Amino acid sequence: MREFSSPLKLQTYRESLEGSVGFVPTMGALHEGHISLIKRSINENDHTIVSIFVNPTQFLEGEDLDKYPRKIEADRKICELAGVDILFMPTIDDIYHGDELRIIAPKIKGYILEGAKRPKHFDGVLQIVLKLLHITNPTRAYFGKKDAQQLYLIQNMVRDLFMSVEIVPCEIVRESDGLALSSRNIYLSSEERAKALLISKSLKEASGLVLKGVRDSKRIKAQMLEIMRDIDVEYVEIVDRAFNLLDEVKIKDSIILVAARVGSTRLIDNIWI
Ligand code: PAF
């Protein structure tokens, strides 16, 4: 496995590569969710690049930037064992140059739901993803469906800017009891972890209701909130795949989203209907 921290050196090396390139951007603290993206990229491409960069511009003042888990040695091992060809680990100075061009997320879809709770978060996400896509120039880039709004905004950025990369959405990976994998799960105490399960439980209940023929969003959301009454829910919403709020679930075109705080840990999860 080759390692790069310099974007320019990686760009030069990438130009020498023949065949397809898959790219998996991450902020490290790799878990089975990331590994499933990496494996998919390895299966579908001649070369796979993984980046590890805890991007400061997507964290808001007071969020967990400083304590965000950093596990460089373990991450390097995971990448090596998985068969990653190139590991890109730039520093903040490698990526940002001070007073520079800024990307602003779409006024509406970038500022609802996650964007309303974390204003400018998606500006930072799109800025780093655009830079990383320019540096790695991949054939395909892999993103998890757990960050559904992020995925949607990246797909739209690629469309809006006429970029040729294929964005590949990847399934959410869960623990056997339903908890969606997240680098932030390590913040949870065992009692908090038990409470965090209410999120996936409520999503399971929602999909059960849909299976029984219930379509009314209000009714589904009320039932979910009842299940999550012991945690601090920030939002429960049902949207279509273009992130328009839905009064009625549309089969094969809905996502049910939850954001909640368990203790001081903020978690998101969703289910695609
Ligand atoms: O989903 C993430 O881990 C991050 O938002 C990403 C896409 C790596 C950008 O920093």
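The values are calculated or read from the model by the stated rules, or taken from the named source; none is laboratory data. Keep in mind that this is a model prediction, so the values were computed, not measured. Ideal geometry is used to build each Cβ from the backbone, glycine not excepted, and the neighbour counts take in all protein chains shown. Please note that ligands, DNA and RNA were not included when accessible areas were found on the heavy atoms of the full protein model with its side chains. Shrake-Rupley method; radii C 1.70, N 1.55, O 1.52, S 1.80 Å.
In table form, for the structure just shown:
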item	result
Matching residues, region 8-30, being surrounded by fewer than 17 Cβ atoms within 10 Å (Cβ to Cβ) and either touching a helix residue (DSSP H, G or I) at 6+ places or on another chain (Cβ under 9 Å) or in a loop (DSSP other than H, G, I, E, B) (or both)	Leu8, Gln11, Ser16, Leu17, Glu18, Gly19, Ser20
Region 165-179 residues that are more than 24 Å from Ala194 (Cβ to Cβ) and of a type outside the set (A, V, I, L, M), paired with ones that are in a strand (DSSP E or B) and open to solvent by less than 20 Å² (accessible area, probe 1.4 Å) (beta carbon under 6 Å, 6 or more apart)	Cys170/Tyr142
Any chance Ile103 is more than 22 Å from Val239 (Cα to Cα), aliphatic (A, V, I, L, M) and part of a loop (DSSP other than H, G, I, E, B)	yes
Every pair of residues 6+ apart whose Cβ atoms lie under 7 Å, when the first sits in region 225-236 and is within 12 Å of Asp269 (Cβ to Cβ) while the second is among the aliphatic types (A, V, I, L, M) and open to solvent by 50 Å² or more (accessible area, probe 1.4 Å)	Val233/Leu225; Val236/Leu225
Test for Val54: is it assigned to a strand (DSSP E or B) and within 13 Å of the ligand (Cβ to nearest atom)	no
Hey, Asp123 in contact with a helix residue (DSSP H, G or I) (Cβ under 9 Å, 6 or more places away or on another chain) and within 13 Å of the ligand (Cβ to nearest atom) or not	yes
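Conditions tested, residue by residue: (1) open to solvent by less than 10 Å² (accessible area, probe 1.4 Å); (2) within 20 Å of Gly178 (Cβ to Cβ).
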residue: Ala206; (1), (2): yes, yes
residue: Leu211; (1), (2): no, yes
residue: Val239; (1), (2): yes, no
residue: Leu246; (1), (2): no, no
residue: Val258; (1), (2): yes, yes
